[in-house]
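Structure first, commentary second.
Here, each number is a calculation from the coordinates, and none is a lab measurement. Source: prediction; values computed, not measured. Note: ideal-geometry Cβ built from the backbone for every residue, glycine included; neighbour counts use all protein chains shown.
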Amino acid sequence: MREQRVRSGEVRLAVRVRGEEHRSTVVLVHGYPDTGAVWDEVADRLAERFRVVVYDVRGAGASSSPSDPLDYGLDALVGDLEAVLDGVGVGVDEPVHLVGHDWGSVQGWDAVTGDRLRHRIASFTSISGPDGRHMSAWIARTVRSGPRGVLQVADQALRSTYMPVLVAPKVGEAMARLVAFGFPRVLRLREGAAPRNGHPADTLPVDARNGLGLYRANLLRRGADRAAGDGRTDVPVQLIVPIRDRYASPSLLLSARGHATRLYVRRAPAGHWVARSHPDLIARWVAEFAAHVDGAPETPALARARANGRPTEPRSA
């Protein structure tokens with residue numbers, strides 16, 4: 001594994017590269033309150049077939065944090081991804097396969113729907129991080145569908161009650177301390193992923209506090225840094241839906257239907273941190289999807305996933 005530092009404005013990003021340079025490149029982007037180490041098991045498996053790039057996002061792990069605690073808007077995050085691609089020297093002659101989890105997926109949607117980086121991305125695998133535009137359209141459409149839809153939206157609202165807490169001044173900082181204290185227990189008891197060396201990171205208390213900027217910048221100032229349009233993309237998208245995710249319901253994650261020209265949907269029997277609890281499954285699905293986008297024949301499993309990605313209308317009660 002090779003380590004390097006990449007500058008993105010005032011921020012220095014810690015980047016780790018596995019695998020041989022002549023292979024297709026997979027870029028893995030983590031969410032809150034993780035570091036790139038959440039991908040270690042997946043990255044090691046993928047490195048047998050791909051060049052794999054992992055980095056700590058701004059404010060996390062070995063990367064530095066911006067001087068402005070609100071400089072975590074999606075435009076800045078996509079700029080960091082661009083800086084990593086430039087710094088490693090990938091995504092120019094041959095586009096990369098992007099994989100994002102949680103906030104890493106949210107920023108991935110902006111990357112594949114905007115003009116800035118879309119041409120440098122061959123495929124996108126989204127795990128537990130919906131696009132805000134998809135979510136808004138899903139809420140409006142689902143509520144209109146009738147009582148069943150109202151219950152689906154209410155269920156997601158309950159799953160998201162932590163968000164306004166993280167956004168609130170002072171209360172958010174207290175919540176971040178609780179996150180840092182309880183995260184190892186959550187992984188072990190609720191996710192089936194025992195803490196191990198590197199994850200959760202030793203920097204978790206600082207990472208949890210810095211990461212409040214993700215919520216405050218993008219929930220309080222949602223319109224400022226969002227890509228224009230309705231969130232449509234012609235980049236092939238693989239949507240991995242952990243059916244036991246406590247934070248994002250399957251209904252919400254499936255809001256991506258109708259927004260990607262080529263959408264493949266796969267359901268994982270796992271919780272939110274599926275990359276830790278089921279690394280073999282995630283690595284296999286990412287490798288299978290990336291290989292197909294690169295020209296390999298579509299497997300029967302991918303054909304089923306493509307069928308699952310077709311738009312459906314919400315059912316009324």
Here the gain from full extension of Leu220 to Arg267, 0.36 nm per residue of separation minus their alpha-carbon distance, amounts to 13.8 nm
A chain fully extended from Arg23 to Arg188 at 0.36 nm per residue, minus the present Cα-Cα distance, gains in nm 55.9 nm
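Given 0.36 nm per residue, what is the gain on full extension from Ser67 to Arg232 after removing their alpha carbon distance, in nm? Numbers along the way, then the final one.
Numbers: separation 165, 0.36 × 165 = 59.40 nm, distance 3.30 nm.
Full-extension gain reported as 56.1 nm.
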Taking every other residue with Cβ under 10 Å from the Cβ of Tyr247 and scoring Lys and Arg +1, Asp and Glu -1, one gets 0
For region 2-308, the charge dipole (Cβ of Lys, Arg +1; Cβ of Asp, Glu -1; about the Cα centre) points to a positive end, and the Cα of Val17, Ala154, Thr261 closest to that extreme belongs to Ala154
Rounded to whole angstrom, the alpha-carbon centroid of region 92-112 lies from that of region 137-169 at a distance of 25 Å
Short to long, in 5 Å steps from zero, the percent of alpha-carbon pairs of region 91-169 per bin is 4, 13, 17, 19, 16, 13, 10, 5, 2, 0, 0
Dividing the mean separation of Cα pairs under 8 Å (6+ apart) by the residue count of the chain yields a relative contact order in percent of 20 percent
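Translational diffusion coefficient of region 91-134 at 20 °C, 1.002 mPa s, Stokes-Einstein with Kirkwood Rh over Cα pairs, in µm²/s as a whole number. It would help to have the intermediate numbers written out before the result.
On the way: Rh = 10.3 Å.
Answer, rounded: 208 µm²/s.
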Summing -39500 (n - 2.57) over every DSSP H run of at least 4 residues in the chain and dividing by its residue count gives a helix-only mean residue ellipticity at 222 nm, to the nearest 500 deg cm²/dmol, of -12500 deg cm²/dmol
Hull volume per residue for the chain, using the convex hull of the C-alpha atoms, in Å³ is 123 Å³
Residues whose modelled amide H sits under 5 Å from the amide H of Ala193, counting only those 5 or more places away in sequence or on another chain, are Arg188
Across all Cα atoms of region 13-103, Rg and the largest Cα-Cα distance (Dmax), in Å, are 12.8, 39
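Need one number: % antiparallel among DSSP beta bridges in the chain, to the nearest 5. All intermediate terms of the calculation are to be shown ahead of the outcome.
On the way: 12 of 38 bridges.
So the antiparallel bridges amount to about 30 percent of the total.
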Taking the dipole of region 103-166 about the Cα centre (Lys, Arg +1; Asp, Glu -1; charges at Cβ), the one of Ser123, Ser145, Pro164 that reaches farthest to the positive side is Ser145
